[in-house]
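See structure below.
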Amino acid sequence: MARTRSTSRGHSSGNGESHSRADRKNQTREALLDTTRSLVAERSFGSISLREVARGAGIVPTAFYRHFASMEDLGVTLVEDSMRVLRRALREGRRDLAERQAMPTAKTSLEILLRHVRENEAQFRFLVREQHGGIAEIRRAIDTELRLFSKELAIDLARLPALAEWEPEDLETAAELIVTIMLTAVADLLDGEYRGRGAEKDIVERTERQLVMVFLGMAQWRPSR
């Protein structure tokens, strides 16, 4: 019986050690991501070295490969994390559309976007900077995520009674226009702080006009069939 109890304690201890190792690994992975987010706040991803990322996370460079296959893999993970922020904004927009069963308004769309930009500035800066940056894998990841983002928005638009007769291609075109306008606004807003206090107001007003034009055009569009 004593041997059985001893074995049970050893098994429990082993599980504890296993969980502890897994926790430490997750903590180190998050430290690598946090360090990279801090570094890309002011610099391009391509200018960052594996060595300084590892140093910032408190590990030796060789230990980096226990968490990511390469720096490109780390960058793609950052893209996926950053796009989750955009998806949260999209989900809020979805709820607004579902409650009103109506076309989105420029004012509401911009209010949602502005709040998320202010709350998650580092992630948005990373996406805007790297969308046309020097790392091909990261550019492709952003492009893929934005396409998925547009398709999700197109699905939401298709649920609106006013757009029930639209062709899928037309819905995706409208969604791509909205996403492009929003991303341009994000880039301008993040850069606007260097152009004085009036910059944000001008950017918001211009973007609102652009969205209003798109929404008015959508209301008048007649499907070819």
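The values are calculated or read from the model by the stated rules, or taken from the named source; none is laboratory data. The structure presented is a predicted model; accordingly, all values stated were derived computationally and were not measured. Please note: Cβ atoms are built from the backbone with ideal geometry, for glycine as well, and neighbour counts cover all protein chains shown.
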Residues of the stretch 206-225 satisfying the condition of being of a type outside the set (A, V, I, L, M, F, W, C) and under 24 Å from the mean Cα position of the chain (by Cα): Arg206, Thr207, Glu208, Gln210
Residue selected from the stretch 70-89 under the condition surrounded by 14 or more Cβ atoms within 10 Å (Cβ to Cβ) and of a type in the set (Gly, Ala, Ser), by the criterion farthest from Leu153 (Cα to Cα): Gly75
Failed item in (1) farther than 30 Å from Arg222 by Cα; (2) at pLDDT below 90, with Ile142 passing the rest: (2)
Scope the stretch 32-66; condition closer than 23 Å to Asn120 by Cβ and either in contact with a strand residue (DSSP E or B) (Cβ under 9 Å, 6 or more places away or on another chain) or not aliphatic (A, V, I, L, M) (or both); matching residues: Asp34, Thr35, Thr36, Arg37, Ser38, Glu42, Arg43, Ser44, Phe45, Gly46, Ser47, Gly56
Within the stretch 39-89, considering residues that are in contact (Cβ under 8 Å) with a residue 24 or more places away in the chain and polar (S, T, N, Q), the one farthest from Thr144 (Cα to Cα): Ser44
Exclusive hit being exposed (fewer than 14 other Cβ atoms within 10 Å of the Cβ), out of contact with any Ser or Thr (no Cβ under 7 Å at 6 or more places or on another chain) and among the hydrophobic types (A, V, I, L, M, F, W, C), set Ala174, Ala164, Ala154: Ala164
Candidate set: the stretch 128-139, residues that are under 11 Å from Gly75 (Cβ atoms), hydrophobic (A, V, I, L, M, F, W, C) and crowded, with 16+ Cβ neighbours inside 10 Å; chosen: the one modelled with the highest pLDDT: Ile138
Test result for Leu160, over 30 Å from Gly133 (Cα atoms) and not aromatic (Phe, Trp, Tyr): yes
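On the basis of being modelled with pLDDT of 85 or more, polar (S, T, N, Q), over 30 Å from Phe215 (Cβ atoms) and surrounded by 12 or more Cβ atoms within 10 Å (Cβ to Cβ), does Thr35 make the cut?
Numbers: modelled with pLDDT of 85 or more: yes; polar (S, T, N, Q): yes; over 30 Å from Phe215 (Cβ atoms): yes; surrounded by 12 or more Cβ atoms within 10 Å (Cβ to Cβ): yes.
So Thr35 fits the description; yes.
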Search result, residues across the stretch 52-69 that are surrounded by fewer than 12 Cβ atoms within 10 Å (Cβ to Cβ) and part of a helix (DSSP H, G or I): Thr62, Arg66
